[in-house]
Amino acid sequence: MEGYASFQNPLELACQHFEGVPGHVYKEVLIINSSLTVCDPADISQTISKLKQLNVQVNAISLSASLFVLQHICVETGGLHCLARDKDHLNEQIKRFLTPSQRFEQSDQMQFTTKIPIGFPKRLATETPTVCACHGVFNYTSYYCPGC
């Protein structure tokens, strides 16, 4: 890859992705950066405002040097920024961000969230034909939802 790194372009893409997501959903972005410079096309503070408005938390792992703008993005969105010292520390930091955040569970938002039961339907063969809900035709196979 060639060219300069940009934080604004992927964060704008994340904002577009998270715009339709309900407010009770935890939204998080992890940036792994190895660039020493950054070249954003416009004012990054507008993007930071969008991220804060959408409640998106940005976390970052820097591989080579710590960039002020990346630290600023993380602090403003309530995320964490760390600098990986070596390969083992990088693996440790990645695992740290892969596990669900304890900060969210302790926040004020948690009181408004509820767990949504999810069932993965199983396909069953039946003796008698049943009507397919989406096609409106009779079939000898149906789906059973263990949650229902």
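Before moving on, here are some points about what is shown:
- Failed item in (1) touching a Lys or Arg at 6+ places or on another chain (Cβ under 8 Å); (2) touching a residue at least 60 places away in the same chain (Cβ under 8 Å), with Val69 passing the rest: (1)
- Matching option when the condition is at pLDDT 80 or above and in a loop (DSSP other than H, G, I, E, B), among Arg85, Arg96: Arg85
- Positions within the range 40-96 being under 22 Å from Cys15 (Cβ atoms) and β-branched (Val, Ile, Thr), in sequence order: Ile44, Thr47, Ile48, Val56, Val58, Ile61, Val69, Ile73, Val75, Thr77
- Qualifying residue in the range 18-27 (condition: more than 19 Å from Lys95 (Cα to Cα), of a type in the set (A, V, I, L, M) and out of contact with any strand residue (DSSP E or B) (no Cβ under 9 Å at 6 or more places or on another chain)): yes
- Filter result (part of a loop (DSSP other than H, G, I, E, B) and surrounded by 14 or more Cβ atoms within 10 Å (Cβ to Cβ)) within the range 1-12: Ala5, Ser6, Phe7
- In the range 19-38, the qualifying residues are those that are more than 20 Å from Leu80 (Cβ to Cβ) and surrounded by 12 or more Cβ atoms within 10 Å (Cβ to Cβ), and the one that is modelled with the lowest pLDDT is His24.
- Apart from one condition, Ser62 fits all of (1) modelled with pLDDT under 85; (2) under 21 Å from the mean Cα position of the chain (by Cα); the exception is (1).
- If the condition is being without any contact (Cβ under 8 Å) to a residue 40 or more places away in the chain and touching a Gly at 6+ places or on another chain (Cβ under 6 Å), then the range 37-64 contributes only Asn59.
- One residue from Cys15, Cys74 being at pLDDT 90 or above, within 13 Å of the chain's Cα centre (by Cα) and surrounded by 14 or more Cβ atoms within 10 Å (Cβ to Cβ): Cys15
- Among the candidates Val38, Val29, residue that is under 16 Å from the mean Cα position of the chain (by Cα) and of a type in the set (A, V, I, L, M, F, W, C): Val29
The values are calculated or read from the model by the stated rules, or taken from the named source; none is laboratory data. Computed from a predicted structure; not experimentally measured. A quick note on method: Cβ atoms are made from the backbone with ideal geometry, for glycine too, and the neighbour counts reach across all protein chains shown.
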